[in-house]
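J.: I have a structure I would like to understand better, so I am pasting it below and will then ask my questions one at a time.
The values are calculated or read from the model by the stated rules, or taken from the named source; none is laboratory data. Owing to the predicted nature of the structure, the values given are computational and were not obtained by experimental measurement. Quick reminder, even Gly has a Cβ in these numbers, built from the backbone with ideal geometry, and neighbours come from all protein chains shown. Just so you know, the surface numbers come from the protein's heavy atoms only, side chains and all, with ligands and any DNA or RNA stripped out. Shrake-Rupley method; radii C 1.70, N 1.55, O 1.52, S 1.80 Å.
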Amino acid sequence: MKTLKKEYLLHLMLLPGVIVTLIYAYGPMAGLVMAFQQFEPLSGFFHSKFVGFNNFRYVFELPDFKQVLWNTVVIALFKMVLFLLVPLILALLLNEVTKRWFSRFIQSAIFLPFFLSWTVLGGVIIELFSLNGPVNALITALDLKPIMFMLDNHWFRGIVIGSDVWKGMGYNMIVMLAAITGINATLYEAAEVDGAGRWKQMIHITLPGMSPILILLGVLSLGGILNAGFEQILIMYNPTVYEGADIIDTFVYRLGMFSQQFGPAAAVGLFKSVISLVLVSVTYYGAYKFNNYRIF
């Protein structure tokens, strides 16, 4: 109670965020009861028929569900790995730049796409890779056959992964640069006295010093492994590329909004949430067990 009295202003500052989270994040969780009902909007939660796990069985037996799950895992895994690898490489390279004005310019240029919505970027990417777009114009200029990027399952998946990494890599890069600046400079001076070059300093000082933030980003990204980018794919995809680009979120959207199958859609959403919770718990425990890393 003494600590609470001393820090009550900090708790009051947190209160608006807590209230918003309770209303918009935890409040809607009451709707998960639809996953166990044959939900009818006119009947509501209290009068819809209870069907147990029938919605889950129905969804798992759908012919498209396995492909949707596979697409989600593949796209999310590639995004997760590249979201750590690409910003890490950029941060390490920028850390070696001695011209501060050039480093700031590159940081700003890489970070800029993060502020743009997928409504804007999705339209730009669709135009870039359309049949009459600049990319195909360049391919045609090289006497090659134009490629229908946005209608080809193989190309479309790569465009989705690449564009998402390009949009978000600036944020993780800034976080990693901040982690590098927090490393004690005397360690580099001692290593230089011992004859260690820049490469060995990076291997033995920079990367170990960045390990806590890398673990944190890895834990958070693994928890979202079934979040393969709903807004991005919804804006960019079309029925032609459902086979390679349809993910759990877009599948739930079409199942609930277009087919009016609210119970099965809620069942898929609950299934995804449970898997994500398990993955976050396992990775966090592993980070604590093997690297003694704790968030709380």
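J.: Give the carbon-plus-sulfur fraction of the accessible surface of the chain in %, rounded to a whole number; probe 1.4 Å, heavy atoms of protein chains only.
T.: Carbon and sulfur atoms account for 70 percent of the accessible area of the chain.
J.: Specify which labelled value, from (i) 1.19; (ii) 1.24; (iii) 1.01, agrees with Cα Rg over 2.2 N^0.38 Å derived from the coordinates of the model shown.
T.: Checked against the structure: label (ii).
J.: Now, a different point. Scanning the chain for GluC sites (Glu not before Pro) in DSSP loops with at most 12 other Cβ atoms within 10 Å, what's the longest stretch left with none?
T.: My reading of the result: 97-296 is the longest stretch.
J.: Quick one: accessible surface of Val278, probe radius 1.4 Å, all protein chains present, in square angstrom to the nearest 10.
T.: 80 Å²
J.: Moving on. Leaving ligands and nucleic acids out of the surface, order Leu112, Leu270 by accessible area at 1.4 Å, largest first. Mind dumping the intermediate values first?
T.: Numbers: Leu112 105, Leu270 35 Å².
Of Leu112, Leu270, the descending order of accessible area is Leu112, Leu270.
J.: While we're here: Once you have the alpha carbon radius of gyration of segment 116-194, what is it after dividing by 2.2 N^0.38 Å, with N set to its residue count?
T.: Here the Cα radius of gyration is 1.77 times the empirical estimate.
J.: Can I ask one more? Once you have the alpha carbon radius of gyration of segment 51-139, what is it after dividing by 2.2 N^0.38 Å, with N set to its residue count? Write down the numbers at each step before the final one.
T.: Numbers: Rg = 20.6 Å, N = 89, 2.2 N^0.38 = 12.1 Å.
Here the Cα radius of gyration is 1.70 times the empirical estimate.
J.: If you don't mind, another one. So which residue, out of Leu90, Leu277, Leu62, gets the largest mean-square fluctuation from a GNM of the chain using Cα contacts under 10 Å as springs?
T.: Maximum among the listed residues: Leu62.
J.: As an exercise, use a Förster radius of 35 Å and the Cβ-Cβ distance of Thr240 and Leu85 to find the FRET efficiency, rounded to the nearest 0.05.
T.: 0.70
J.: Also: Where Rh is the Kirkwood radius over the Cα pairs of segment 3-153, the temperature 25 °C and the viscosity 0.890 mPa s, what D in µm²/s does Stokes-Einstein return?
T.: 110 µm²/s
J.: Please list the helices of the chain that count as membrane-span-like by this rule: a mean Kyte-Doolittle hydropathy of at least 0.0 together with Cα atoms stretching 18 Å or more along the helix axis, each helix being a complete DSSP H run.
T.: TM-like helix candidates: 8-21, 65-95, 153-181, 207-223, 262-291.
J.: What are the residues whose amide H is under 5 Å from the amide H of Gln37, where those residues sit 5 or more places off or on another chain and H is modelled from the backbone?
T.: Here Val51 satisfy the definition.
J.: Just to be sure I follow the definition: excluding the sites themselves, where is the longest run in the chain that has none of the trypsin sites (Lys or Arg not before Pro) in a DSSP loop with at most 11 other Cβ atoms within 10 Å?
T.: 100-293
J.: Using 0.36 nm per residue, how much length does the chain from Leu9 to Val280 gain when fully extended, once their Cα-Cα distance is taken away?
T.: Once the chain is fully extended between Leu9 and Val280, it gains 94.4 nm.
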